[in-house]
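Asks: Pasting in a structure now, in structure tokens, and then I'll have a few things to ask.
The values are calculated or read from the model by the stated rules, or taken from the named source; none is laboratory data. As the structure is a prediction and not an experimental result, all values here were calculated from the model. So basically every Cβ, Gly included, is an ideal-geometry build from the backbone, and we count neighbours across all protein chains shown. The accessibility values were calculated without ligands, DNA or RNA, using every heavy atom of the protein model including side chains. Shrake-Rupley method; radii C 1.70, N 1.55, O 1.52, S 1.80 Å.
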Amino acid sequence: ITGAHLNYIYNNTFDSNSNDNVIITGTSYNNTIDSNSIINGASRGVYISSDSNNITNNYINQNKSHGIYSLNGDTNRIIGNTIKNSWSAAYGLWLSAAKNNYIYSNNLDSNVDYQIYISGVCLNNIIDSNIVINGLSCGIYSTSDSNIFRNNYLDQNSSTGMYFSFGDSNIITGNTVK
């Protein structure tokens, strides 16, 4: 989706595409990607570089790069997705230079590198009530400032449950880390 608005992409299967399975870029806004199966992509499951979109209730599995990658995507809502088995040094969910996003109630399981990675100038994001389990590295890793990490459940991540490096003024509350 490039330069498109108000689209509803629902109940589709995106399987084995030669690049990213789903791309939302440019001036696209107010699009909803809901209840899709996004699997076996040669690169990222979902790539977002636009604002005010909804990525909800998708099954994102076995993509060779990141499950969801948001670069410069602001005010997006990423809610209720299952993100599994991203591999080849890939993150389950990666926000980079993204602001004012709401990351809520996602299930991240068995991703090769960081399950949730917040990097660059990522400000005022809310990472809330996610289940982050069985990661082969860190559960949540952040190098950014002024974000809220609350009510997340992290268990059996091989490296560290939550790791914060060089980030200031984050709020970290109500999380369970085992």
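Asks: So what J values fall out for segment 150-156 if you push phi through Karplus, 6.51 cos²θ - 1.76 cosθ + 1.60 with θ = phi - 60°, rounded to Hz, Gly and Pro as x?
Replies: Once rounded to whole Hz, the list reads 9, 6, 8, 10, 10, 8, 6.
Asks: Report the gain in length on full extension from S169 to A42: 0.36 nm times residue separation, minus Cα-Cα distance, nm rounded to one decimal.
Replies: Between S169 and A42, full extension yields an extra 42.0 nm.
Asks: When all C-alpha to C-alpha distances in segment 18-80 are sorted into bins of 10 Å, what percent of pairs does each bin hold, rounded to whole numbers?
Replies: Answer for segment 18-80: a P(r) of 25, 57, 18 percent.
Asks: If you count only protein heavy atoms with a 1.4 Å probe, what accessible area per residue comes out for the chain, rounded to a whole Å²?
Replies: 42 Å²
Asks: Looking only at G167, G92, G80, which one moves most when the chain is put into a Gaussian network model with springs between Cα atoms under 10 Å?
Replies: Evaluated over the chain, the most mobile residue of the options is G167.
Asks: With the full set of protein chains in place, find how many percent of the accessible area of the chain is carbon and sulfur; take the probe as 1.4 Å.
Replies: 45 percent
Asks: Show me the ranking of peptides 122-135, 61-74 by mean Cβ neighbours inside 10 Å, starting with the highest.
Replies: By packing density, highest mean first, the sequence is 61-74, 122-135.
Asks: Continuing with the same structure: Gaussian network model of the chain, Cα springs within a sub-10 Å range: biggest mean-square fluctuation belongs to which of T160, T27, T75?
Replies: Fluctuation is largest for T27.
Asks: Shifting gears a bit: Enumerate the amide H contacts of T160 below 5 Å, restricted to partners 5 or more residues apart or on another chain; note that Pro and chain-start residues carry no placed amide H.
Replies: Correct list: C138, G139.
Asks: From the Cα trace of segment 45-158, what convex hull volume per residue do you get, rounded to a whole Å³?
Replies: 71 Å³
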